[in-house]
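Only one structure is covered here, and it is reproduced in the block below.
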Amino acid sequence: MTIAAHESEHEELPAWSLPADAVDRVRLEIRWPERVTREWAFEGATGKGIRVCILDSGIEVGHPLVGDVQGLYAISLDEEGETIVSEDGQGDTCGHGTACAGIVRSLAPECELHSVRVLGGGYTGSGKVLVAGLRWAIEQGFDVVNMSLSTTKRDLAGTLRELADSAYFQRTVLVASAHNMPVESFPWRFSSVISVGSHESPDPMTFYFNPEPPVEFFARGLEVDVAWLGGSTLRTTGNSFATPHVTGLCALVLSKHPELTPFQLKSVLSLTANNVAP
Amino acid sequence: MSEQVRSAAAAGVLAADELHGSLIQSIVDVARAIFNAKAASILLLDEDAGELVFDGVSGEGSETLIGRRFPADTGIAGWVLTTRQPLVLENVGSDPRFSQEAADSTGYVPKAMMTVPLLHEDRALGVLNVLDRAQDKSFTLAEMELLGLFANQASIALELRLRGRRAGEALDGVGEDMGAVASFAATLDALPEERREAGLRLIAELEQLLAR
């Protein structure tokens with residue numbers, strides 16, 4: 001790799017170019033089929049080996065629809081107002097995180113599930129906690145992060161965008177809920193994340209590519225039976241339940257094709273969507 | 001600030017607060033009617049206390065809930081408020097923890113609940129609950145959209161109420177700045193037409209000067 005003439009203060013940056021004698025460097029392991037099909041993309045996949053993070057209200061351990069949870073962490077504020085990460089013994093403070101985890105598990109039965117709880121630590125400072133949780137999740141190198149939540153705080157948009165970009169470049173896929181209401185919120189509007197809204201079909205494997213972004217995909221989000229607190233289930237509606245369907249799909253595709261970048265993964269999803277490859 | 005001006009302003013704020021209260025009540029009544037629901041409520045965020053407070057209730061619980069408070073960061077309402085996303089839950093099971101929490105935040109244990117955030121610009125002001133809508137037909141995404149549109153209207157009412165209260169607090173408290181402005185406005189109002197226009201031009205110039 002060629003090195004840039006100038007060096008930054010902190011790290012050496014390469015020149016963003018590809019000399020003729022370095023083409024081998026971009027040789028891909030993956031052999032793309034003539035046509036990308038669902039069979040090629042995820043048939044037979046279980047999500048095995050893929051680390052999925054649920055950034056939400058926590059996950060209830062022992063829920064039969066969730067199964068094993070490999071990690072439970074909570075982000076909170078210390079007395080000085082600084083964010084800290086700790087092991088989470090509190091479980092789910094709402095039920096929503098458990099619902100999302102159960103949906104991912106139903107699609108990708110062998111994926112790893114990790115909970116990063118960013119809710120339930122006090123209303124004040126919740127935006128700061130959300131940002132810290134996302135940053136920490138990206139630092140852990142999770143393969144997929146499910147974000148069935150967003151913030152309307154404009155002053156957080158810049159930081160969230162930088163985090164979303166850094167995740168994209170280090171192969172952590174962020175799957176984020178589009179807002180259910182006509183308001184501007186983040187991070188789902190960023191092009192470096194996979195954004196999800198709801199359709200009305202009851203099939204969990206039906207998903208559509210949207211040629212008119214910012215919402216890029218539609219998945220099942222109407223009257224979904226989900227895991228909730230106390231080992232219970234209930235029926236829910238909303239984009240926040242469509243999102244873990246796409247997270248589960250991402251885990252399936254990545255477990256079969258772990259070399260895919262977020263860009264390639266998004267391409268595979270678009271090529272296998274019901275309205276593209278009916 | 002003269003006593004008359006203060007009294008007049010206080011009376012205005014008080015009357016506006018009553019009107020805003022009626023508007024909130026009307027909104028929860030209409031929300032209940034639109035969805036043919038057993039109850040509807042609006043909860044206002046008290047940011048300093050980190051709590052949600054019942055501000056308007058229609059139907060079940062309307063006698064007892066106004067003013068009741070609970071933490072703003074947990075449970076269904078807490079999730080909705082913090083994440084700014086609505087939640088629609090049905091077939092709510094028999095989990096005692098959920099039931100207790102639902103009872104705390106709604107006044108009784110519903111079978112179905114829709115909770116939507118009330119947002120103004122980039123702030124969350126509170127939440128709107130619609131409980132036990134008629135379930136003779138399945139929920140649709142169009143109803144979800146209606147809920148969101150309705151919440152926008154409720155948000156405006158809530159923002160009006162909050163602004164009215166802030167004005168009231170300014171009058172009740174030290175209120176030096178507000179007092180000076182109100183006193184100046186009263187003086188201006190009492191001037192003959194020509195001098196008042198000159199006064200307004202002077203204010204416009206002063207405003208420009210201060211904004212530099």
Within segment B:120-149, the count of residues that are more than 10 Å from chain A (Cβ to nearest Cβ) and outside any loop (DSSP other than H, G, I, E, B) comes to 8
Those residues of segment A:36-73 that are farther than 21 Å from A:Ser148 by Cα, of a type outside the set (Ser, Thr, Tyr) and not in a helix (DSSP H, G or I) come to a total of 8
The residue that is farthest from the chain's Cα centre (by Cα), considering only those in segment A:189-209 that are within 14 Å of chain B (Cβ to nearest Cβ) and within 19 Å of A:Ser267 (Cβ to Cβ), is A:Tyr208
Only one of (1) more than 19 Å from A:Val268 (Cα to Cα); (2) assigned to a loop (DSSP other than H, G, I, E, B) does not apply to A:Glu212, and that is (1)
Picked from segment A:74-95 (must be in a strand (DSSP E or B) and within 14 Å of another protein chain (Cβ to nearest Cβ)), the residue surrounded by the most Cβ atoms within 10 Å (Cβ to Cβ) is A:Ile75
When segment A:235-278 is checked residue by residue, the ones that are more than 16 Å from the chain's Cα centre (by Cα), among the basic types (Lys, Arg) and in a helix (DSSP H, G or I) are A:Lys256
Exercise for review: Inspect segment A:134-152 for any residue being within 13 Å of chain B (Cβ to nearest Cβ), in contact with a helix residue (DSSP H, G or I) (Cβ under 8 Å, 6 or more places away or on another chain) and free of Cβ contacts under 8 Å to residues at least 40 places away in the same chain and give the result as yes or no.
Suggested key: yes
Taking segment A:182-238 and keeping residues in contact with a strand residue (DSSP E or B) (Cβ under 7 Å, 6 or more places away or on another chain) and aliphatic (A, V, I, L, M) leaves A:Val183, A:Val193, A:Ile194, A:Val196, A:Val215, A:Ala219, A:Leu222, A:Val224, A:Val226, A:Ala227, A:Leu234
The one condition B:Ala49 fails out of (1) under 18 Å from the mean Cα position of the chain (by Cα); (2) within 13 Å of chain A (Cβ to nearest Cβ); (3) surrounded by 22 or more Cβ atoms within 10 Å (Cβ to Cβ) is (3)
Result of the Cβ filter at 6 Å on segment A:220-233, keeping first residues that are at the interface with chain B (Cβ under 7 Å from one of its Cβ atoms) and hydrophobic (A, V, I, L, M, F, W, C) and partners that are surrounded by fewer than 23 Cβ atoms within 10 Å (Cβ to Cβ) and not in a helix (DSSP H, G or I), at least 6 apart or interchain, is A:Leu222/A:Glu200; A:Trp228/A:Leu234; A:Leu229/B:Asp95
For segment B:69-91, pairs from a residue that is at the interface with another protein chain (Cβ under 7 Å from one of its Cβ atoms) and in contact (Cβ under 8 Å) with a residue 12 or more places away in the chain to a residue that is in a strand (DSSP E or B) and of a type in the set (Ser, Thr, Tyr), with Cβ under 6 Å and 6 or more apart or across chains, are B:Ile76/B:Thr115; B:Leu87/B:Thr115; B:Val88/A:Thr237; B:Leu89/A:Thr236
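Every number here is computed from the coordinates shown, using simple stated rules; none is lab data. The structure presented is a predicted model; accordingly, all values stated were derived computationally and were not measured. Here Cβ is always computed from backbone atoms with ideal geometry, including for glycine, and neighbour counts include all displayed protein chains.
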